[in-house]
Amino acid sequence: MSKVAVQPKARGGGGLMWLQGLACGAMVALVPAIALLLGVLLAPGLAALMLDRQPGRPIARSVLLCGGAFCIRPVGALWSGGQSVDAALGVLGDLNNIGTAWSAAAAGWFMAELLPLVVRVVLEAADAARAARLRAARAKLMEEWEPHAPPGQ
Amino acid sequence: MAMPPGSAPPAEIVAGLFVVDTSNPLPLAGGGVPAFAATDRRTGRADKMALLVATHAPARPRHLQVPLNPIEGMLTPLAHGKGPVIGGETGYFVICNRPPGPPVSATLRPWPESALFDQVLRPIAQALVVLRAQSLTHRAIRAENVFQGQAGQPVVLGSAWAAPPAMHQPAVYEPPYSAMCLPTGRGDGSIGDDVYALGVLLITLALGRVPMAGQDNAAVIRRKLELGSYPALVGDDRLPPGIADLAGGMLAEDPDHRPSLKILLDLVAARGRKVATRPPQRAQRPLQIGQTAVWNVRMLAYAISAEPEPGLQMLFGATLMPWLRRGVGAASLAARIEEMLRARADKAGTGETFVDTMLAMQIVAMIDPLAPLCWDGVTLWPDGIGPVFALAHARDPATLAKLEVLIVSEAIAIWASMREERDDPASLRLAARTYRGWLQTRGPSGGLPRVLYMLNPMLPCGSALAAGRGVVTLSDVPAALEAAAPAADRAAEPLDPHTVAFMGARSDRRLTMDINALNVGDPETRLISQLRLLGELQIRFDPRPLPGLAGWFAVQTGPLIARWKNRDRRAQVAARLTSLAAAGQLAPMLALLEDPAALAADSEAADLAAAKLARIEGELAAIDSGGPTRAVVATRTGQEIAAGIGLAALATALILTALG
């Protein structure tokens, strides 16, 4: 997880949570098989949603998006298989479906953790190169105007 | 003997015209100063002589700075200037004609009265008339300085220009009030002093011997003051009647009582002229002041001035007033002295250290209005203060200290106020104030050296760098410094305070501003002013290269070069300065060092560079302190990229599903 300080929860977040809960509840009531299937397949993402306390939940978002990309085919299979709980359990019984979805979710988590480090390395390298150029320019100026130039830092 | 242009004249040539042969001295010809044979280069005539001016006894500026037409019966100065080296020092010479024969003192014999009138009195009086017309005096009339070519010819007055007035006169030829002064402090005096000396000369030649010979100067002065000059000189000797009558008047103590030159030139009037002068009342018993037995008030004034300590004790004692009242019948004088003593008692405790000295000076002037200024044992006429100052500055610190107090106290003005009927007190007051102003001027161009050179327009510069190099005018300064440069301390400024004071005294208005700038404490400004001054002198007087002096300046110009802020520019200026110094031209060096446009451009570029540097520093500081910000940005960006990849995967999956 990122070490960035967790921002205090924005006001109104509670209301959105209630709306999401209401949507989830409606979904469970209306299409319980699909809800079951998605609940299992997106379980890492839902867990990330609970664990990620960062504003905007960027890790959970990445995990959900990656996991969601591999839920499309199982949901399509459930849709064409009658949308029953048994069918959902049948789809879930295919470990290939769960493994793929959870692996994608893991890849999403991994990217969310790794990419900030990569970007930081790139930024640090760029600034170091710029600082080196500036120091060279400063040394040249000080040499050219020594001893009247202000002392270097 | 044509010289190539730009080259210096040979050292043995004075004023570019007269060749001096120092191997051929002319004893007895110089009137007290060393004389050497000289030749006029234009005519080839070898009938000239060169008189060597002593270093600390300057020549007479009023006679030399304005060219004089040749005066018949007198060895008129023809030229003056630096000449050959004598005794390791560059000599300064005054050129005049060689005397036509030996001095009359060489074969002293009694002269007949007619010869005295025709061959001595008339020619000398005629020469003095010409001098007086130009407000000049001779002040060196004595048997050793009067020459005669052949018997029967008119005598010729010798030189009196190469030394301070009357400096070499024995006391016998001088009025007692001149003789009692320091030899250098007798001043130009008046033509009456020449008449006095001429009177003594007539007596000497009439007697065939120098009167009062064998007596020291103090004894001569005391005798003259005691008896009067004429009785003291003649005593029981018998003079031709015409000479006796005339000399009696010529030797009057009061110059106003001496016959005029017009009377001396009228032989009939001169022969019949007899002046009765009343000697001062003589006391029945003397008053002893120090070594002097005082018989009259004139001797009293002399004793106080010659021996100030016992003189002051006598003034404050109880014996003087009775002696004055009863001994010499000077009751009113005694009352005035008592008044002054009371005034002095009121001043006691004011903290002035010279109260008693001032009191003695005033009392002497009151007792004898003919007496010169006496100041703590230093006796002089105010117009002779310059040469006294010169000699004291070189050799007599005690006298110099007294002269300093004399100037600070403006004693000359007070002395003049005591004898208003005899001097022009306004001009002396002005002079006293001016001297004090010079003395109190701060910085290297003021103080004692400034007074020294202002009072002595022909005194050579006494700086250690210029000493012995005959630096008498501004034009001599650059060459002297060039000669001194190889052995000089390169860390010291080329113009030391003595030289600055000398230049300040000799400068014109154009140079005054730069000389005043030498008073500032900023060494850079001082160095620029010195360079400008010497460059101006080089352009004005002698454009020959001065590589030694220029190199000296080049060594000193580090702080001036440092004013350029750009390192490359500094290196360029230093290199250019080195090449200019090698060429020995000071003005281009000044132009290089004092280039306002270049300095302003350099300063502007330095400001731009400083701004750029500040910007760089700011950016570096931002980079150094930007770690947390970069971390936040990196986290956000990385997470957004991850989310973007997830979204792309989701979109791809949807599209693929939609496409079947």
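What about B:Ala197, is it under 22 Å from B:Arg422 (Cα atoms), of a type in the set (A, V, I, L, M) and in the same structural domain as B:Glu113 (by TED's automatic domain parsing)?
Here the answer is yes, as B:Ala197 does meet what is asked.
Name the single residue, out of those in the range B:596-634 being among the hydrophobic types (A, V, I, L, M, F, W, C) and closer than 30 Å to A:Ala112 by Cβ, that is farthest from the other protein chains (Cβ to nearest Cβ).
B:Ala622
Hey, can you tell me all the residues within the range A:61-111 that are in contact with a Cys (Cβ under 6 Å, 6 or more places away or on another chain) and closer than 19 Å to A:Leu30 by Cα?
Selection gives nothing.
Mind checking which residues of the range A:77-102 are loosely packed, with under 15 Cβ neighbours inside 10 Å and within 14 Å of chain B (Cβ to nearest Cβ)?
A:Trp79, A:Ser80, listed by residue number.
State all residues of the range B:173-196 that are of a type in the set (A, V, I, L, M) and farther than 19 Å from B:Ala371 by Cβ; if no residue qualifies, say none.
Taking the range B:173-196 and keeping what is of a type in the set (A, V, I, L, M), we get B:179-180, B:182, B:191, B:195.
Across the range B:173-196, the qualifying residues are B:Ile191, B:Val195.
Residue-by-condition table, conditions (1) at pLDDT 90 or above; (2) surrounded by fewer than 15 Cβ atoms within 10 Å (Cβ to Cβ); (3) outside any helix (DSSP H, G or I); (4) in contact with a helix residue (DSSP H, G or I) (Cβ under 6 Å, 6 or more places away or on another chain):
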| residue | (1), (2), (3), (4) |
| --- | --- |
| B:Ala611 | yes, yes, no, no |
| B:Ala614 | yes, yes, no, no |
| B:Glu617 | yes, no, no, no |
| B:Leu650 | yes, no, no, yes |
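Residues of the range A:96-148 being aliphatic (A, V, I, L, M) and touching a Phe, Trp or Tyr at 6+ places or on another chain (Cβ under 7 Å), which ones?
A:Ala101, A:Ala104 - these are the residues of the range A:96-148 that are aliphatic (A, V, I, L, M) and touching a Phe, Trp or Tyr at 6+ places or on another chain (Cβ under 7 Å).
Identify the residue in the range B:635-648 that is among the hydrophobic types (A, V, I, L, M, F, W, C) and within 7 Å of another protein chain (Cβ to nearest Cβ) and, among all such residues, is surrounded by the most Cβ atoms within 10 Å (Cβ to Cβ).
B:Ala642
One residue is enough: does the range B:558-566 have a residue meeting the conditions within 12 Å of chain A (Cβ to nearest Cβ) and free of Cβ contacts under 8 Å to residues at least 12 places away in the same chain?
Yes, the range B:558-566 contains at least one residue that is within 12 Å of chain A (Cβ to nearest Cβ) and free of Cβ contacts under 8 Å to residues at least 12 places away in the same chain.
Name, by its number, the condition in (1) more than 7 Å from chain A (Cβ to nearest Cβ); (2) over 29 Å from B:Val477 (Cβ atoms); (3) surrounded by fewer than 19 Cβ atoms within 10 Å (Cβ to Cβ) that does not hold for B:Thr657.
(1)
Of all residues in the range B:467-488, which are more than 15 Å from the chain's Cα centre (by Cα) and part of a loop (DSSP other than H, G, I, E, B)?
If the condition is that a residue be more than 15 Å from the chain's Cα centre (by Cα) and part of a loop (DSSP other than H, G, I, E, B), then B:Gly468, B:Arg469, B:Ala488 are the ones that fit.
Let's see how each residue does on (1) at pLDDT 90 or above; (2) not assigned by TED's automatic domain parsing to the domain that holds B:Leu198:
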{"residue": "B:Gly242", "(1), (2)": "no, no"}
{"residue": "B:Asp245", "(1), (2)": "no, no"}
{"residue": "B:Ala252", "(1), (2)": "yes, no"}
{"residue": "B:Arg258", "(1), (2)": "yes, no"}
{"residue": "B:Ile289", "(1), (2)": "yes, yes"}
{"residue": "B:Ala293", "(1), (2)": "yes, yes"}
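Are any residues in the range B:313-344 closer than 18 Å to B:Asp356 by Cα and not in a helix (DSSP H, G or I), and if so, which ones?
Within the range B:313-344, B:Gly317, B:Ala318 qualify.
So A:Met50 clears everything in (1) within 9 Å of chain B (Cβ to nearest Cβ); (2) at pLDDT below 90; (3) assigned to a helix (DSSP H, G or I) except one condition, right? Which one?
(1)
Outside the structural domain of B:Ala487 (by TED's automatic domain parsing), farther than 30 Å from A:Ile72 by Cβ, assigned to a helix (DSSP H, G or I) and of a type in the set (Ser, Thr, Tyr): does that describe B:Ser579?
When the stated conditions are applied, B:Ser579 does not pass them.
Can we say B:Val378 is among the β-branched types (Val, Ile, Thr) and within 22 Å of B:Leu225 (Cβ to Cβ)?
Against the criterion (among the β-branched types (Val, Ile, Thr) and within 22 Å of B:Leu225 (Cβ to Cβ)), B:Val378 qualifies.
Residue-by-condition table, conditions (1) surrounded by fewer than 20 Cβ atoms within 10 Å (Cβ to Cβ); (2) more than 26 Å from B:Ala390 (Cα to Cα); (3) not basic (Lys, Arg):
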| site | (1), (2), (3) |
| --- | --- |
| B:Ser23 | yes, yes, yes |
| B:Asp47 | yes, yes, yes |
| B:Ala50 | no, no, yes |
| B:Arg62 | yes, no, no |
| B:Asn69 | yes, yes, yes |
| B:Met74 | no, yes, yes |
| B:Val85 | yes, no, yes |
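Of these, B:Ala480, B:Ala505, B:Ala501, B:Ala517, which one is in contact with a Lys or Arg (Cβ under 8 Å, 6 or more places away or on another chain), free of Cβ contacts under 8 Å to residues at least 40 places away in the same chain, in the same structural domain as B:Leu590 (by TED's automatic domain parsing) and buried (at least 21 other Cβ atoms within 10 Å of the Cβ)?
B:Ala480
Return the pair list, or none, for Cβ contacts closer than 8 Å from residues in the range A:55-76 that are within 8 Å of another protein chain (Cβ to nearest Cβ) to residues that are of a type in the set (Gly, Ala, Ser) and not in a helix (DSSP H, G or I), at least 6 apart or on different chains.
A:Ile59/A:Ser2
The values are calculated or read from the model by the stated rules, or taken from the named source; none is laboratory data. It should be emphasised that the depicted structure is a prediction, and the values quoted were computed from it without experimental measurement. Positions of Cβ are generated from backbone atoms using ideal geometry, with glycine treated the same way; all protein chains shown enter the neighbour counts.
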